[in-house]
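What follows is one structure encoded as structure tokens, with my remarks underneath.
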Amino acid sequence: MDKKTENKIKIANAAAALYHKDSRFTYEDLAGEAGLTAKTIRSHFPNRKEIFEFYYEGAFLTYRDLTEKMEDMESYSLAERLSHLLLTLLDLFHEQQGFVEKTYVRVIERQGSSTPFAKHLVHEVNQILMDDVEMLHIPSFAYNKVTDTAILYHFHGLMRFWVRDHSDANQKTMELIDKWTALAEAVAYSKVGEKSFDFAKFMATNSPFTEVVRKMRAGLKKQSMNRSC
Amino acid sequence: MNDFPSTPYKRGKIFAKTGLKVGTNYARHYLDSLRGKPADRASLHRNTAEDMMKEFTRLRGTALKIAQAMSIDQGMLPEEFSRVMSRSQHQVPPIQRALVRSVIRQELGDYPEKIFATFDTKAFAAASIGQVHKATLKDGRKVAVKIQYPGMRETISTDLGLAKALFKRFVAKGSDINPYFDEIRETLLMETDYRHEGETLDRFHARYESDQFTTPVWIPEYSTERVLTMSFLEGDHADPFLERNPTQEERNHYGQLLWDFFHLQVESHAEIHADTHPGNFVLTDDGRLGIIDFGCVKTFPADFFRDYLMLLPTHLKRDEEEILKLYYRLGVLNGDPAKNKREKEYYEFSMNYGFTFAMPYMNNTFDFADPEFAALLKGFTRNVPISNEPRGNRHFLYSTRVHVGLYHLLMKLGATVNIGESRERIERVLLQYEEEAIKAMS
């Protein structure tokens, strides 16, 4: 990770900590918290919204940095790699839980797939799935936009679970991730994936509901456009 | 006072053999009495056990613990069942590596590579509700880090509820299995607090660390409720030790240490390491017995413990009057064996089994390699007269587990053990109880 990114992450973390105490903090407050000048901060982030958005991207970049340093990652199973991604992100979010609880829905969830965080996340999950030798029988173009949306929705769901998890040390979220990724692995390794793809491919062109689906998609698109406005 | 008879070993053997025959007869009688019923009960038991096994393995650690407790106390369940159950030991799925990392971070503040100088992400041993990893501290100390599966406390409660429902289908109508399940629940919940285990480690270390025994040192700075860090004991478990073809002298040496460790605990009558299986003992290179895993340590109530220990001398003397009293107090009998046929079956079986069980205490040495003794014990556990009705004080669950576990380990080692001192220890404990009782009365 380069120095610039490191600095940006440092600022974003300081902003998150500050936001939890007082959401209306100024650049000067942040400069004091981060131990940098307000000018430096402004050079990285022209406005507060960008800082908040970068907090999430920064978490992902930290995850990637950590993962690159891990020697045994090669031997991780599909479930372990997926768990590693989700658990590491939540470990990082845990440090700024107050901020994440207040901002996740607004800064990430409502922005659909447009944020750098969402893009990284979707790309990483796809990468993990594609890297897996066991998955070779599923063609890469099977992962289309629908899959990407599904990945995001699952992650949003996980975040909602985590926010509501009052168990000691978030044990329930850990259990959920463990069980969910084990299930995902089992599904991926079974023929269900292959057969579903085969079936979906056929139905995509032959379904009597094609028209309905098309309308639904159009509706969804309109909805998400309204949201981002 | 001398509670132990000094009758010749030979006589004991003959008596025990008769006992075996009686046991077998009752078993046959039991089977005969089942004949003519619409379904073949024995195969029904086997099928039920297989079915339950499948459901059970899904219960992870809880299943393992119940299986361990029940499979040793075979008097409670038919053999088919115990046999199937004991398989569950090998079927606890490991905690995946990503989760291990995050648990360490949640509990100790950072990822293992930051906290430890080295950390082996693959567990080297499975614990019932977690697993153990090898690691090195930054100061160079070799440690074992035990990690608990997240959410274990709640899982145990849910699992026990399910397990109880399964068991109810299996045991005789009207039998009360609640006390046994309460006992398992209490023990399991206690095991989920690793700080409790850490404190136990401290006490055992203070009590037993010597040129004969060694126990791990708790490292509280690296421990929490769900992570337990302790010094790593180098040495072999029983199986690798035996693979090296040790001399009889070596076998006897370790056997004696195991025997003495048990009786030292009995004499201290404070706490007893209640998880006597080969995986929890290490034979160190410097000739000491290493004891690990202090999750399951029991303190038995004085009343029960006195009665339990009294079973040994009373059976050896065949003091039927006293035995009968003990059986009533310990819940082995629910009625008068002279009037009730079923109680009589229990009485005669228990008495013969009890005698066999007490046999090692008869002379000054006992050879656990004696195939006849092994056959006798096996014969009894196979021929429990009426098998699907739980009986006996709930504390039997763990007291017999320790005691039978010890016998099995010694038989596995093929050790000859000196008994004299341990007999004196038990006598001293019994005498102490007697004095306390007299004091309480006056």
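The values are calculated or read from the model by the stated rules, or taken from the named source; none is laboratory data. As the structure is a prediction and not an experimental result, all values here were calculated from the model. Heads up, the Cβs are rebuilt from the backbone with ideal geometry, glycines too, and the neighbour counts pull from every protein chain shown. SASA here: full protein model, heavy atoms, side chains in, ligands and nucleic acids out. Shrake-Rupley method; radii C 1.70, N 1.55, O 1.52, S 1.80 Å.
The figures follow:
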{"item": "Cβ-Cβ under 6 Å pairs, at least 6 apart or on other chains, region B:152-165 side modelled with pLDDT of 75 or more, far side open to solvent by 40 Å² or more (accessible area, probe 1.4 Å)", "result": "B:L160/B:R185"}
{"item": "Answer from A:E68, A:E74 - the residue that is within 29 Å of A:D178 (Cα to Cα), within 14 Å of another protein chain (Cβ to nearest Cβ), open to solvent by 20 Å² or more (accessible area, probe 1.4 Å) and modelled with pLDDT under 90", "result": "A:E74"}
{"item": "Search result, residues across region A:88-106 that are away from chain B (no Cβ under 14 Å), over 21 Å from A:A150 (Cβ atoms) and open to solvent by 10 Å² or more (accessible area, probe 1.4 Å)", "result": "A:Q96, A:G98, A:E101, A:K102, A:R106"}
{"item": "Test: residue in region B:389-399 that is without any contact (Cβ under 8 Å) to a residue 12 or more places away in the chain, under 30 Å from B:K164 (Cα atoms) and not in a helix (DSSP H, G or I)", "result": "no"}
{"item": "Region B:193-238: number of residues that are open to solvent by 60 Å² or more (accessible area, probe 1.4 Å) and within 14 Å of another protein chain (Cβ to nearest Cβ)", "result": "1"}
{"item": "Set B:L333, B:L410: member being within 30 Å of B:S268 (Cβ to Cβ) and either touching an Asp or Glu at 6+ places or on another chain (Cβ under 7 Å) or in a helix (DSSP H, G or I) (or both)", "result": "B:L410"}
{"item": "Residues (among the basic types (K, R) and either open to solvent by less than 30 Å² (accessible area, probe 1.4 Å) or more than 9 Å from chain A (Cβ to nearest Cβ) (or both)) located in region B:106-153", "result": "B:K114, B:K134, B:K138, B:R141, B:K142, B:K146"}
{"item": "Every residue from region B:107-157 that is out of contact with any strand residue (DSSP E or B) (no Cβ under 9 Å at 6 or more places or on another chain) and part of a helix (DSSP H, G or I)", "result": "B:K114, B:R153, B:E154, B:T155, B:I156, B:S157"}
{"item": "B:P220 being closer than 29 Å to B:F116 by Cα and not hydrophobic (A, V, I, L, M, F, W, C)", "result": "yes"}
{"item": "Residues (among the hydrophobic types (A, V, I, L, M, F, W, C) and open to solvent by 10 Å² or more (accessible area, probe 1.4 Å)) located in region B:273-303", "result": "B:F281, B:L283, B:I292, B:V297, B:F300, B:A302"}
{"item": "Test: residue in region A:21-43 that is part of a helix (DSSP H, G or I), farther than 21 Å from A:E124 by Cβ, touching an Asp or Glu at 6+ places or on another chain (Cβ under 8 Å) and away from every other protein chain (no Cβ under 14 Å)", "result": "yes"}
{"item": "Elements of type helices (runs of 4 or more DSSP H) in region A:70-135, at least 3 residues being acidic (D, E) and under 30 Å from B:D120 (Cα atoms)", "result": "A:78-95"}
{"item": "Selected residue [more than 26 Å from B:N364 (Cβ to Cβ) and of a type in the set (K, R)] from B:R251, B:R226", "result": "B:R226"}
{"item": "Filter result for B:T365 (of a type in the set (V, I, T), touching a strand residue (DSSP E or B) at 6+ places or on another chain (Cβ under 7 Å) and touching a residue at least 12 places away in the same chain (Cβ under 8 Å))", "result": "yes"}
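So that you can scan it fast, the table gives a plain yes or no per residue for (1) more than 30 Å from B:I115 (Cβ to Cβ); (2) in a helix (DSSP H, G or I); (3) acidic (D, E); (4) in contact with a helix residue (DSSP H, G or I) (Cβ under 6 Å, 6 or more places away or on another chain):
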position: B:S210; (1), (2), (3), (4): yes, no, no, no
position: B:T229; (1), (2), (3), (4): no, no, no, yes
position: B:N252; (1), (2), (3), (4): yes, yes, no, no
position: B:F262; (1), (2), (3), (4): yes, yes, no, yes
position: B:E267; (1), (2), (3), (4): yes, yes, yes, yes
position: B:G295; (1), (2), (3), (4): no, no, no, yes
